Structures are given as structure tokens and as C-alpha cells.
Amino acid sequence: MTEAPRWLIPFYMALNFTTSVLIIWANKIAFNAGFNFTVSLTTLHFTFTFVGLEIGSRYGLFDKKALSIISVVPISLAFCGFVVFNNLSLQYNAVGIYQLLKVLTTPTIIVLQHTLYKQVLPFWQIISLVPVCVGVALATVTSIEVNFWGLVFGGAGIISTSLYQIWVKKEQESLQCTSPQLLYYQSAVSGVMLC
């Protein structure tokens, strides 16, 4: 497997950003139209992720690695939790509030890494997060679209996403696999779990 040319990296980043935004808007449109089957939507996402990765592996974008299903069950449970909570957050919040709450994932990861693993960031990196947190607080407090369940699911989404992001790095190291190799199994196992 060869590495992608460096000039393609901005294209892939733009593609990732664009598809993420489109998926969020499509989900929100579905929720606003009365689609209230959040777990079914999550299962559909996992199925498309698995199929996309299967196609990618067949075209040589990554090499599949044999992993035992049992070894990916715990991280798959965490994956289900963070995606379901974020979809519920999107269902109960306006897109703006949903995005603002997701911005808090980075500061939460930093706090959790410090609390759980005693990792400390340099002072200036910590200070750079202050405007982000203040901005989210001001925008959320002044929004007339904030509701209790939206904040509950948004908070659960932040915590579960943060824990998942920390844990998935450790799992990749312990299973000695790349992100697509782990996600290949994770998406299939998670999809089956939610059925």
C-alpha cells in the first residue's frame, strides 16, 4: 500500500469536512421531518461506513488486518454510545447548538487525559482553549433554542466522544492496527450490536 501524495491531503480534508457537514444537515432534515428512529439511523451510518471501508480496502486504500471480534467488542460499545448520544443531541438541538457542544470535545479530552493519565499540555495550548470555551458558553446561554434534553444528550455526547477518542488511540496501539483497520471491524460489530 502506498501513501497518498501530499498534494491530495487538502483535498481529503475538504472532502471530510464537506461530507461531515452534509451528513449533519441530512440527519437534521430527517429529524425535522419526523424521523425519530435515532438508533436505526446510527445503524445505517455504521453499515455505510463498513461498506465504504470494504470498497476502500478492495481498491487498496488500506490493508485489512485480522482482528478477533472479541477484541473489538468493548471499543464498539463505546463507539455506539458516542454516535447514538451525538445523534440524539442533533435530534433535540438546533444545528448551531449541536456544533457548539461538539466544540467542547477538545477541552474535555484535555481534562480527561490530565485526570486519568496525568498528561499536561503546555500553558499556551491550554490558554488557547479559553476563548473556545467562553465562546461556547456565551453562544449557548444566549441561544433561545436550548432545551433540557438537548443539553443532557449533548453533554453525554461530549463525554462519550472524549472517552472514545482517548480510548481508540490506546486500542490501536494495543491491537497494532491503523484507524481504518480498527474502524472496519468496529463499524460491523457496532452495527450488529444496535440491530
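The values are calculated or read from the model by the stated rules, or taken from the named source; none is laboratory data. What you see is a predicted model, and the numbers here were worked out from it, not measured in a lab. Here Cβ is always computed from backbone atoms with ideal geometry, including for glycine, and neighbour counts include all displayed protein chains. Accessible surface areas use protein heavy atoms only, side chains included; no ligands, DNA or RNA. Shrake-Rupley method; radii C 1.70, N 1.55, O 1.52, S 1.80 Å.
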Query raised in the report: What do you reckon, is K118 more than 16 Å from the chain's Cα centre (by Cα) and among the charged types (D, E, K, R)?
Result: yes
Requested in this report: Determine which member of the set N87, N16, N32, N36 is exposed (fewer than 15 other Cβ atoms within 10 Å of the Cβ), among the polar types (S, T, N, Q), out of contact with any Lys or Arg (no Cβ under 8 Å at 6 or more places or on another chain) and in contact (Cβ under 8 Å) with a residue 40 or more places away in the chain.
Outcome: N36
Requested in this report: Scan segment 42-63 and give yes if some residue there is surrounded by fewer than 17 Cβ atoms within 10 Å (Cβ to Cβ), among the hydrophobic types (A, V, I, L, M, F, W, C), out of contact with any strand residue (DSSP E or B) (no Cβ under 7 Å at 6 or more places or on another chain) and modelled with pLDDT under 90, otherwise no.
Outcome: yes
**Report entry** Hey, F11 more than 20 Å from the chain's Cα centre (by Cα) and open to solvent by less than 60 Å² (accessible area, probe 1.4 Å) or not
**Finding:** no
Query raised in the report: Yes or no: A94 of a type in the set (G, A, S) and within 19 Å of Q172 (Cα to Cα)?
Result: no
Report task. Please list, ordered by first then second residue, the pairs with beta carbon atoms under 8 Å, 6 or more apart or interchain, first in segment 123-152 and more than 27 Å from V84 (Cα to Cα), second at pLDDT 85 or above and surrounded by 14 or more Cβ atoms within 10 Å (Cβ to Cβ). Result -> I126/I110
